[in-house]
Every structure is written in C-alpha cells, then in structure tokens.
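Down below is the structure, laid out as structure tokens.
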Amino acid sequence: MTAALLLLDLQNEMVDPQGKVGAHGLARIVEERGVLANARRCLDAARGAGMAVVHVRLGFRPDYADCLSVAARIGGLKANRAAIVGEFGTEFHPDVAPADGELVITKQCVNPFFNTGLMTWLMQKGIKQLYMGGVATHLVVESTARFADDAGFAPVVIEDICAAPNPALHDHFITMIAPAVGTVSTTEAFVQAAQGG
C-alpha cells in the first residue's frame, strides 16, 4: 500500500483540558469538533487496511536546548514548561495512542519533516499519498501539507480530524490553502476508501 496516515500533535498538551495548550480553549474545540473520535475511526480503518501509520508529537528537552525557533509562541511554551519529553503533555491521548510497530516522530518545530527521519522512512516504504490531520490546523497540518506537496507526496487533509484555536484559521487553510497543495477529505470518506468502498 502506498498511502500512510499521519496523526499530528494529538498529544495531551494540545487536546486534553489539563494540557498546557489545550487548557486555553483548544481542547474544548477539539471536543466540540469530535476530533479524537474521528481520528480514532481513521486510525482503526488504517490499521484494518494494513496502512502505514505515523504519530507525530512536539517534544523538547527540559532545558529547551533543542528548540531552535525564536517565534513569540515559543516563549509561552517555555514559560509554561510545556511539551517536555517524558511528561504528561508529550504522551499521546489514549484514544489515539500508537500501537506496537507504528512510527512515532518527535519534532522540535512545526514541520515534522524538519530534522527528523520522517522523509527517509516514507520514501523507504514507497509511500506516495499522505492522509493527515491534527492540531493545530494552521500550524502542523498546514506545514505538513505544504512540505509534502513540495516533496512530491500527494497530501490529503482529513478536515474533521483537524482543529485550531480560532475557527477562522482552520477555515482559511481548509478552504483556501489545502485545495492548492492537495485535497480535502473527511473521516467518512477515508474510512470507506480504507475499507475498499
């Protein structure tokens, strides 16, 4: 099979109400949109079809020495001691936790291809099409879709497993950007395709 499912930053820090990012409203939007339930349906369908699955998370050393970005949002992460590897925030939400044998990529920036082995792994597997979703839509999902397109993959954004703190940011990417770099789909369509429907 030449497709893979990428679940992006569906980690406690972002999607759990106790998460240091999720607590500021993102977890509520994730719940309202049914992101985790939809992502679980996609995950089950991908596993059932024998499709490659990749789980991506943001995670830093406790001293943030591996954090290169100087963007304003990084100050907030550091001040809150967020996304430190080995702590609650970098664990995946139980509903979408990796199974044995599934690839886990820990990144220190928005783009999961940057300074990780993701590109090499996908190319070794002969993957051509990347189904993806996660949080936040305008950060990791957009960055992944844009880079995937540049690298010659066919990105497919599963809209209802994505969310952003501001719905306008989500809508702008889904309606204006995603169709220019790939295609937009839904959980229902992905499940049907994975099941051969």
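Would you mind giving the average projected area, over all directions, of the Cα convex hull of the chain in nm² with one decimal?
Details: hull surface 40.7 nm².
Its Cα hull, projected and averaged over all orientations, spans 10.2 nm².
What residue among ALA45, ALA151, ALA37 shows peak mean-square fluctuation when the chain is described by a Gaussian network model with Cα springs under 10 Å?
Of ALA45, ALA151, ALA37, the Gaussian network model singles out ALA151 as fluctuating most.
Give me the percent of DSSP beta bridges within the chain that run antiparallel, rounded to the nearest 5.
Antiparallel bridges: around 5 percent, rounded to the nearest 5.
Whole-Hz ³J(HN,Hα) for each residue in the range 12-19, computed from phi via Karplus 6.51 cos²θ - 1.76 cosθ + 1.60 with θ = phi - 60°, x for glycine and proline: what do you get?
3, 4, 9, 9, 9, x, 8, x
About its Cα centre, what dipole magnitude does the chain give when the only charges are +1 on Lys and Arg Cβ and -1 on Asp and Glu Cβ, stated in debye to the nearest 20? Intermediate results must be reported in sequence, preceding the final value.
On the way: 15 positive and 20 negative charges, 60 e Å.
That gives the chain a dipole magnitude of about 280 debye.
Which whole-Hz ³J(HN,Hα) couplings does the range 21-34 yield from phi under the Karplus relation 6.51 cos²θ - 1.76 cosθ + 1.60, θ = phi - 60°, glycine and proline marked x?
Karplus-based 3J(HN,Hα) across the range 21-34 equals 9, x, 5, 8, x, 5, 4, 5, 5, 4, 5, 4, 7, x Hz.
Need the C-alpha centroid separation for the range 137-197 versus the range 1-28, integer Å.
15 Å
Taking amide H atoms as placed 1.01 Å from N in the peptide plane, list the residues 5 or more away in sequence, or in a different chain, whose amide H sits under 5 Å from that of GLN11.
HIS93
Give me the angle, in degrees from 0 to 90, between the Cα long axis of helix 35-49 and the longest principal axis of the Cα atoms of the chain, rounded to the nearest 10.
It works out to around 40 degrees.
Provide the per-residue ³J(HN,Hα) series for the range 174-179, in order, calculated from phi with Karplus coefficients 6.51, -1.76, 1.60 and θ = phi - 60°, each as a whole number of Hz, with x at glycine and proline positions.
5, 8, 10, 9, 4, x
The numbers here are math on the coordinates, done by the rules we state, and not lab data. Worth saying up front: this structure is predicted, and the values here are computed from it rather than measured. Don't worry about glycine lacking a Cβ; one is built from the backbone with ideal geometry, like all the others, and counts go over all protein chains shown.
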